[in-house]
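Inspection log for the structure reproduced underneath, given as structure tokens.
Rule-based calculations on the coordinates, nothing more; no lab input. Being a predicted model, the structure only gives us computed values, none of them experimental. Quick reminder, even Gly has a Cβ in these numbers, built from the backbone with ideal geometry, and neighbours come from all protein chains shown.
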Amino acid sequence: MDAAALNQFQQQWATYGKLVSENSLSHREVTGILHTTLVDEFALPFNFLDIACGDASIMPEAFLDVPVRHYHGIDLSQPALELAAANLDKLPCEVDLDHRDFFEALTSRTEYADAAWCSLSIHHLETDNKLDVLKAIRDALGSSGIFLLYEPTRIDGEDRTGYLERFQQTNHQLWDYLSKSEWGQIWDHVSTCDYPESAADWLELGKKAGFSSGQQIFKDSTDFYRLFRFND
Ligand SMILES: C[S@@+](CC[C@H](N)C(=O)[O-])C[C@H]1O[C@@H](n2cnc3c(N)ncnc32)[C@H](O)[C@@H]1O
């Protein structure tokens, strides 16, 4: 990575890090739900798959007293994976950090995962490509596997324009700890790259991908982000 690209990554990641540390994307709540789900589901060692793991900063808390045997984190960003390596350093399990596109990494796995997690990372894709990724996640899971998906979500009857208007009206005020240029970065990214689905559409995509059941298990207080659980 050249110096300019690294600098751009560091600026964008620092701004994203502010949102995470202010809990503006409800990472705290979803970390708690992931932790409780893993405690309830797994008494024996299991394999965990983290799709677009970023810096994996929530995982030490999510894995507290959880018998994870193997962690496979996939991300396109090498600097993010370096942060992930440091965050996962003390975990008592095998850690495999995979610097690849998630679709490519998912379709070349040789061992089934028992639990898969994907947070804030596939809403950039067109609907058909989201389905392809969900199918690849479904195929990467063993029988009785579970998949948790946390993504921006349009409210019923809202189109993308309405979502973006609501995003700007609500979050520009709410995220007042961001500088003008940091808000500009976020807005530029969201308005050009984000293609959230409605809750019904996320669930329908899960069904089309082959999951036997799916349900919404969390909605954040601003109603921009929702967590879905799918069962193999
Ligand atoms: C907003 S961050 C989310 C990180 C983390 N999952 C979280 O919830 O904080 C999105 C991540 O997706 C990664 N990403 C985007 N497209 C990807 C792709 N096609 N394959 C692998 N990683 C990808 C980015 O590098 C980035 O780390």
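Checking the Cα-Cα distances for K130/K219; K90/K207; K90/K135 against a 25 Å cut-off, the pairs over it are K90/K207; K90/K135.
Run a plain Debye calculation on the stretch 97-232 (Cα atoms as equal point scatterers, no solvent) and give log10 I(q)/I(0) at q = 0.19 Å⁻¹, rounded to two decimals, same order as the q list. Each listed q maps to, in turn, -1.10. Computed over every Cα-Cα pair of the chain and binned at 5 Å starting from 0, the pair-distance distribution P(r) comes out as 1, 6, 14, 19, 20, 18, 12, 7, 2, 0 percent. On the principal axes of its alpha carbon atoms, the stretch 96-171 extends 45, 27, 22 Å, with the longest extent given first. Sequence-ordered 3J(HN,Hα) estimates for the stretch 140-156 from the Karplus curve with 6.51, -1.76 and 1.60 and θ = phi - 60° stand at 7, 8, x, 5, 6, x, 10, 9, 10, 10, 10, 8, x, 9, 6, 7, 3 Hz, glycine and proline given as x. I need the Debye-formula profile for the stretch 1-101: one equal scatterer per C-alpha, no solvent, reported as log10 I(q)/I(0) at q = 0.12, 0.13, 0.14, 0.16 1/Å, two decimals. So the normalised log intensities are -0.42, -0.49, -0.56, -0.72. In sequence order, the stretch 39-55 has phi-based couplings of 4, 5, 8, 10, 8, 10, x, 9, 9, 10, 10, 10, 8, 6, 5, x, 8 Hz under the Karplus curve 6.51 cos²θ - 1.76 cosθ + 1.60, θ = phi - 60°, and Gly or Pro positions carry x. Couplings for the stretch 121-132, taken from phi via the Karplus curve 6.51 cos²θ - 1.76 cosθ + 1.60 with θ = phi - 60°, read 9, 10, 6, 6, 7, 5, 4, 4, 6, 4, 4, 4 Hz in order; Gly and Pro are left as x. Centre-to-centre, using Cα atoms only, the stretch 145-209 and the stretch 66-105 are separated by 25 Å. What the pair-distance distribution of the stretch 166-232 shows, using all Cα-Cα distances binned every 5 Å from zero, is 3, 15, 20, 18, 15, 12, 9, 6, 2, 0 percent. Taking 7 Å steps out from each Cα toward its Cβ at D201 and D101 produces label points 2.2 nm apart. Cβ crowding within 10 Å, taken as a proxy for footprinting-reagent exposure, orders R229, R154, R28 from fewest neighbours to most as R28, R229, R154. Beyond 20 Å, what share of the Cα-Cα pairs of the stretch 67-125 is found? Please give it as a whole percent. Cα-Cα pairs of the stretch 67-125 separated by over 20 Å account for 27 percent. Extension gain for A86-S144 works out to 17.8 nm (0.36 nm per residue, less the C-alpha to C-alpha distance).
Between T170 and L125, the C-beta separation translates, for a Förster distance of 22 Å, into a calculated FRET efficiency of about 0.35. Electrostatic tally near S108: other residues with Cβ closer than 12 Å to its Cβ, Lys and Arg +1, Asp and Glu -1, net -3.
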